[in-house]
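Take a look at the structure set out below.
The values are calculated or read from the model by the stated rules, or taken from the named source; none is laboratory data. Computed from a predicted structure; not experimentally measured. Note that we place each Cβ from the backbone using ideal geometry, even for glycine, and neighbour counts take in every protein chain shown.
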Amino acid sequence: MPSHFRTALAATAAVALTGGLLTLSAGSAAAATPLAPGRADADFNHDGYADVAISSSHAYVSGHKNAGAVSVLYGGRSGQRTATYTQNSAGVPGAAEADDYFGADTAFGDFNNDGYDDLVVGAPGEDVGSDKDGGTAAILWGSASGLKGGTTLKDPRPTKHDNYGAPLEAGDFNGDKRDDIAVGTTSGAATVDILRGGFSSTKGGGAGSYTVSPAVWSGKGSGIKNLHSGDVNADGKEDLIVNGYAKNDDLDANYWLPGSASGATTKGAQRLPAGFITDIGNTDKDGYADIVTGLEWDSGIGHTHKGGTALIIHGTRSGPASGTIQTFTQDTAGVPGAGEKNDWFGSELDLGDVNGDGHLDLIVGAPGETVGSAKATGAVTVLFNKADGSGITGTGSVFLSQNSAGVPNEDEANDGFGSEVHIDDLNGDKKGDLIIAAPWENGNGAVYPLLTQPNGKSFKGSAGVYVSTVGISTAGTPIFGHNMAD
């Protein structure tokens, strides 16, 4: 439900250190060149191929339940290798303990400006000294061999909140060309601590921190639900989107906090439509980044539609509140299927250039979708941009489930296929590939990397990535794939 009084969804994560190579059927792929700055793809080893960080924050590690782990799918021309990191991995701060939830949220950026993307990982259940569930976050540093070692990010205000470390987001909020890190909490003060860029693998923290207080409820089960960043007003400074329950009406809301010379600020903040999941990108080539928001609910708040909705709120010079809004549902012309109660269309989404035409496309997850007799098996829809790049359209959309050609496995009840989705160019062919999670597959979770084929509208994966692939324990319910790094 979109209300402050709904039951909060549980956090998730898990794993142990391992490695392997996953080979996927690929179209021809040219030699990769380094990915451009400001891209949407992480590249932890700077080899020109996208890498994907995948969480299982409920994983058992060395017998400790819910200790949590993060696995990385390293892209490559001929296949993808995997590695898994926990708080027991060499160089990673801390130790795996019960209910740490390492990997509950993650974000990437080049935090020390060495050309390698780094990964910040939250463990919001970490006990810090005598502060039970105080929470923590750590940067895992990129290198030629991938993520290597880590540094703890000190909580600047530990007495003001608990569960520090989730949600997380990276962005250059003051335009100084250095990645800052925004850290929210889901318990205590409804604030976002922003750690200024200039981080170091030897000295740790950056150039200080500051705190912003958006107009959302605080307290247990409230607080900051989600964060995202992008330059919506094209002023050269990234803005921060904050999700939580609005103080004035108890309903889910997103707030746009503009970037400024001093960083993200509530001055000039604008309330936007609800929707827990957002992404930001220029979908219509007008120079302003647009905000894509998913509303999985059937009713109860503005812009909802039976089965779920995806909105595109177009950016403008004065911010998103004055921008036009596009609405996509499973009842939109050209979009396959039909809106049905509890499809949860829009519960996950991501932007990327799927067909390599230089324009952003959109993938939308509907993990509650029933296909045939398989209830809540889940599905995704890929919506493409127009040929001239003037905007995303329902025309020519592609529907995928685990029974679709090229998708490994098969539709089964309650898999939740589409609970997490990403678009990343894994093989360097300039087409964004689909990475789709089914976190409840066989009670453990699975992730399916699907390479975009030369025609730009069909997809193929020869194998999935399972807990056995990455060395995660099957004890408990790992929920492998519940989160991928933004």
Of the listed residues (Thr186, Thr191), the one being modelled with pLDDT under 95, under 20 Å from Met484 (Cβ atoms) and out of contact with any Asp or Glu (no Cβ under 7 Å at 6 or more places or on another chain) is Thr186
The number of residues in region 436-453 that are within 17 Å of the chain's Cα centre (by Cα) and within 16 Å of Ile479 (Cα to Cα) is 8
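Quick one: would you say Asp424 is over 20 Å from Glu296 (Cβ atoms), surrounded by 23 or more Cβ atoms within 10 Å (Cβ to Cβ) and either of a type in the set (Asp, Glu) or free of Cβ contacts under 8 Å to residues at least 12 places away in the same chain (or both)?
Numbers: over 20 Å from Glu296 (Cβ atoms): yes; surrounded by 23 or more Cβ atoms within 10 Å (Cβ to Cβ): yes; either of a type in the set (Asp, Glu) or free of Cβ contacts under 8 Å to residues at least 12 places away in the same chain (or both): yes.
Taking the combined requirement at face value, the residue satisfies it.
Look through Pro367, Pro449, Pro408 and report the one residue that is closer than 26 Å to Gly79 by Cβ and surrounded by 24 or more Cβ atoms within 10 Å (Cβ to Cβ). Before the answer, list the steps.
Details: Pro367 fails: closer than 26 Å to Gly79 by Cβ; Pro408 fails: surrounded by 24 or more Cβ atoms within 10 Å (Cβ to Cβ).
Only one candidate qualifies: Pro449.
Which strands (runs of 3 or more DSSP E) sit wholly inside region 358-430 and have at least 2 residues that are among the charged types (D, E, K, R) and either within 21 Å of Ile291 (Cα to Cα) or in contact with an Asp or Glu (Cβ under 7 Å, 6 or more places away or on another chain) (or both)?
Values: elements: 361-366, 379-383, 398-400, 420-424.
Correct list: 420-424.
Check Thr332, Thr316, Thr327 and return the single one that is surrounded by fewer than 24 Cβ atoms within 10 Å (Cβ to Cβ), touching a helix residue (DSSP H, G or I) at 6+ places or on another chain (Cβ under 8 Å) and among the polar types (S, T, N, Q).
Details: Thr332 fails: touching a helix residue (DSSP H, G or I) at 6+ places or on another chain (Cβ under 8 Å); Thr327 fails: touching a helix residue (DSSP H, G or I) at 6+ places or on another chain (Cβ under 8 Å).
Every option except Thr316 fails the conditions.
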Residue hits (region 116-170; among the hydroxyl-bearing types (Ser, Thr, Tyr) and out of contact with any Asp or Glu (no Cβ under 9 Å at 6 or more places or on another chain)) are Ser130, Ser145, Thr151, Thr152
Within region 456-476, residues surrounded by fewer than 21 Cβ atoms within 10 Å (Cβ to Cβ) and among the β-branched types (Val, Ile, Thr) come out as Thr469, Thr474
Counting only residues in region 148-198 that are β-branched (Val, Ile, Thr) and in contact with a Phe, Trp or Tyr (Cβ under 6 Å, 6 or more places away or on another chain), the one surrounded by the most Cβ atoms within 10 Å (Cβ to Cβ) is identified as Thr185
**Q.** Flag if Asp179 is over 23 Å from the mean Cα position of the chain (by Cα) and charged (D, E, K, R)
**A.** no
Exactly one of Ser62, Ser28 is out of contact with any Cys (no Cβ under 8 Å at 6 or more places or on another chain), at pLDDT 95 or above, polar (S, T, N, Q) and surrounded by fewer than 20 Cβ atoms within 10 Å (Cβ to Cβ), and that residue is Ser62
Selection from region 65-106 of residues hydrophobic (A, V, I, L, M, F, W, C) and touching a residue at least 24 places away in the same chain (Cβ under 8 Å) yields Ala67, Ala69, Val70, Val72, Leu73, Ala83, Ala90, Val92, Ala96, Ala98, Phe102, Ala104
Considering residues that are buried (at least 24 other Cβ atoms within 10 Å of the Cβ) and either modelled with pLDDT under 95 or assigned to a loop (DSSP other than H, G, I, E, B) (or both), the number found within region 90-132 is 12
All conditions in (1) under 22 Å from the mean Cα position of the chain (by Cα); (2) within 17 Å of Gly302 (Cβ to Cβ); (3) surrounded by fewer than 19 Cβ atoms within 10 Å (Cβ to Cβ) are true of Leu251 except (1)
Apart from one, (1) in a loop (DSSP other than H, G, I, E, B); (2) touching a Pro at 6+ places or on another chain (Cβ under 9 Å); (3) closer than 30 Å to Thr370 by Cα all hold for Gly244; the odd one out is (1)
Restricted to region 77-89 and to residues being part of a loop (DSSP other than H, G, I, E, B) and at pLDDT 95 or above, the residue surrounded by the fewest Cβ atoms within 10 Å (Cβ to Cβ) is Asn88
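In this structure, does Glu410 turn out to be free of Cβ contacts under 8 Å to residues at least 24 places away in the same chain, within 19 Å of Gly461 (Cα to Cα) and not aromatic (Phe, Trp, Tyr)? Quick ask: steps written out before the conclusion?
On the way: free of Cβ contacts under 8 Å to residues at least 24 places away in the same chain: yes; within 19 Å of Gly461 (Cα to Cα): yes; not aromatic (Phe, Trp, Tyr): yes.
It is true that Glu410 is free of Cβ contacts under 8 Å to residues at least 24 places away in the same chain, within 19 Å of Gly461 (Cα to Cα) and not aromatic (Phe, Trp, Tyr).
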Of (1) at pLDDT below 95; (2) farther than 23 Å from Gly188 by Cβ; (3) hydrophobic (A, V, I, L, M, F, W, C), Ile224 fails just (2)
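Can you name the residue in region 448-476 that is in contact with a Pro (Cβ under 9 Å, 6 or more places away or on another chain) and hydroxyl-bearing (Ser, Thr, Tyr) and is also nearest to Ser57 (Cα to Cα) among such residues? It would help to see each step written out before you state the result.
Step one: of region 448-476, the residues in contact with a Pro (Cβ under 9 Å, 6 or more places away or on another chain) are 448, 450, 461-465, 467, 472.
If we keep only those that are hydroxyl-bearing (Ser, Thr, Tyr) too, we end up with 448, 462.
Numbers: Tyr448: 19, Ser462: 26 Å.
Result: Tyr448.
Working carefully through the options Ser130, Ser143, find the one that is over 17 Å from the mean Cα position of the chain (by Cα) and without any contact (Cβ under 8 Å) to a residue 24 or more places away in the chain. Full working, then the answer.
On the way: Ser143 fails: without any contact (Cβ under 8 Å) to a residue 24 or more places away in the chain.
Of Ser130, Ser143, the one residue that is over 17 Å from the mean Cα position of the chain (by Cα) and without any contact (Cβ under 8 Å) to a residue 24 or more places away in the chain is Ser130.
Kindly establish whether Asn226 is loosely packed, with under 15 Cβ neighbours inside 10 Å and polar (S, T, N, Q).
On the way: loosely packed, with under 15 Cβ neighbours inside 10 Å: no; polar (S, T, N, Q): yes.
For Asn226, the condition - loosely packed, with under 15 Cβ neighbours inside 10 Å and polar (S, T, N, Q) - is not met.
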Per the filter on region 117-148, residues small (Gly, Ala, Ser), out of contact with any strand residue (DSSP E or B) (no Cβ under 6 Å at 6 or more places or on another chain) and farther than 14 Å from Asp51 by Cβ are Gly125, Gly129, Ser130
Does Ala166 satisfy the condition of being among the hydrophobic types (A, V, I, L, M, F, W, C) and either in contact with a helix residue (DSSP H, G or I) (Cβ under 7 Å, 6 or more places away or on another chain) or over 28 Å from Asp279 (Cα atoms) (or both)? no
So, first residue at positive phi in region 168-184, second residue surrounded by fewer than 20 Cβ atoms within 10 Å (Cβ to Cβ), Cβ within less than 7 Å, six or more apart or across chains; the pairs are Gly175/Gly236; Gly175/Ala261
